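Asker: Below are the structure tokens for one structure; questions will follow.
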Amino acid sequence: MLRLWLLVAIASLACPSLARACVWLPYSAPTKSEKRYWSRVQTQKLKVEAVLRLKSGRVEVADELAELLVPNIRPIHLLFSDCGPEGEIDFAGGVNNLQELIGIISTDPRLKDVNPSDYASVIRQYSGNLVLGSSCNDEFRGLFSDWLTSNLTRADLQRAWLFLVSRKRETNNYGSVYRRLVRFSGDTRRPPMRWWGDDQWISKDIDRFVSRNHVGQRLARAMKTFWARYENILDRDDLICPTAAATSVADRAKLIDTILLERESRRARERKPARPAN
């Protein structure tokens with residue numbers, strides 16, 4: 001195996017295009033017992049790290065629980081490579097190409113006589129908040145964090161966090177994995193919710209925690225009440241994430257201003273008479 005790695009490394013140096021491409025290497029799939037063993041080892045390792053973090057006093061427990069327990073209610077940018085998804089995975093999909101960004105602004109009435117595709121470079125270079133997703137998701141998770149703080153004791157929050165963060169996974173042998181412990185059912189962004197574990201042993205741990213452990217039961221009740229409170233207004237940006245929504249509207253307006261200015265600049269260049277040849 002070491003020889004194979006060395007050959008791939010040498011080939012990558014000799015061929016830059018190979019270095020950028022996805023290179024699949026032979027891999028022996030672990031047995032079920034090996035998977036279980038390494039899942040438990042990783043959980044224990046993460047628990048030790050979590051205990052140390054908790055003792056340091058630098059953990060925002062409710063905020064981290066919100067990251068773990070609230071799926072994306074709005075689509076975000078998703079990144080892909082030759083090997084597949086990179087970074088965050090979202091079961092309901094996301095925005096991942098320029099055409100989808102163009103579609104976001106194309107309905108604006110100020111662009112009635114403009115083809116946004118002609119200004120792809122302007123859109124690509126714009127650094128504002130065109131995709132509401134990330135900022136709206138963050139704001140909504142802030143609501144959930146506040147809800148947990150109001151409905152559970154600090155001791156319960158710490159116990160729940162310690163248990164759950166130890167079972168968070170971001171990658172496995174094949175690359176990125178879904179990094180939260182709750183997802184919406186199906187490919188929607190609406191309840192019902194379901195618990196999620198990257199492997200069967202994590203899933204069994206979580207099932208026992210929320211069904212038999214008093215802290216897990218209290219957490220599950222708080223989550224159920226929270227989603228019941230917001231379920232019917234999840235499509236309302238102005239109620240779910242008003243700050244993010246206002247910023248996004250303003251940023252899109254700035255982009256459209258930039259596109260219209262670029263259009264006038266192009267028209268001016270076209271009207272400018274050509275310089276006579278000497």
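Taken together, the values in this text are just the output of simple stated rules run on the coordinates, not laboratory data. Since the structure is predicted, the reported quantities are computational estimates derived from the model, not experimental observations. So basically every Cβ, Gly included, is an ideal-geometry build from the backbone, and we count neighbours across all protein chains shown.
Asker: What order do you get for 140-149, 159-168, 181-190 when each peptide is scored by the mean count of other beta carbon atoms within 10 Å, highest first?
Answerer: Averaged packing, sorted descending, gives the order 159-168, 140-149, 181-190.
Asker: Starting from the Cα of Leu239, step 7 Å toward the Cβ, then list every residue of segment 158-198 with an amide N under 16 Å from that point.
Answerer: Counting backbone N atoms under 16 Å from the label point, the list is 190-191.
Asker: Follow-up question, since we're still on this one. Subtract the Cα-Cα distance of Ser265 and Ala120 from 0.36 nm times their separation in residues, and report this length gain in nm to one decimal.
Answerer: Values: separation 145, 0.36 × 145 = 52.20 nm, distance 1.55 nm.
Net length gain for the segment: 50.6 nm.
Asker: Also, quick follow-up: Under the rule of at least 5 residues apart or a separate chain, name every residue whose amide H is placed under 5 Å from the amide H of Asn172.
Answerer: Amide H neighbours of Asn172, under 5 Å, 5+ apart: Val177.
Asker: Å³ per residue of the Cα convex hull, for segment 112-152?
Answerer: On the way: hull volume 3.2 nm³, N = 41.
Taking the convex hull of the Cα positions in segment 112-152, it is 77 Å³ per residue.
Asker: Note down the relative contact order for segment 141-278 as a percent, whole number, built from C-alpha pairs under 8 angstrom at least six residues apart.
Answerer: Normalised by residue count, the contact order of segment 141-278 is 16 percent.
Asker: Rounded to whole Å, give me the distance from the Cα center of segment 153-197 to that of segment 207-271.
Answerer: Taking the Cα centre of each part, segment 153-197 and segment 207-271 sit 20 Å apart.
Asker: Using only alpha carbon positions, build the gyration tensor of segment 140-247, then give the equivalent ellipsoid semi-axes as the square roots of 5 times its eigenvalues, largest first, whole angstrom. Don't jump to the answer; show the numbers that get you there.
Answerer: Numbers: eigenvalues 119, 74, 36 Å².
Its equivalent ellipsoid spans semi-axes of 24, 19, 13 Å.
Asker: A follow-up question, please. Which loop trypsin sites (Lys or Arg not before Pro) in segment 231-277, with loop taken from DSSP, have no more than 12 other Cβ atoms within 10 angstrom of their Cβ?
Answerer: In loop regions of segment 231-277 (DSSP not H, G, I, E or B), the sparsely surrounded trypsin sites (Lys or Arg not before Pro) are Arg236.
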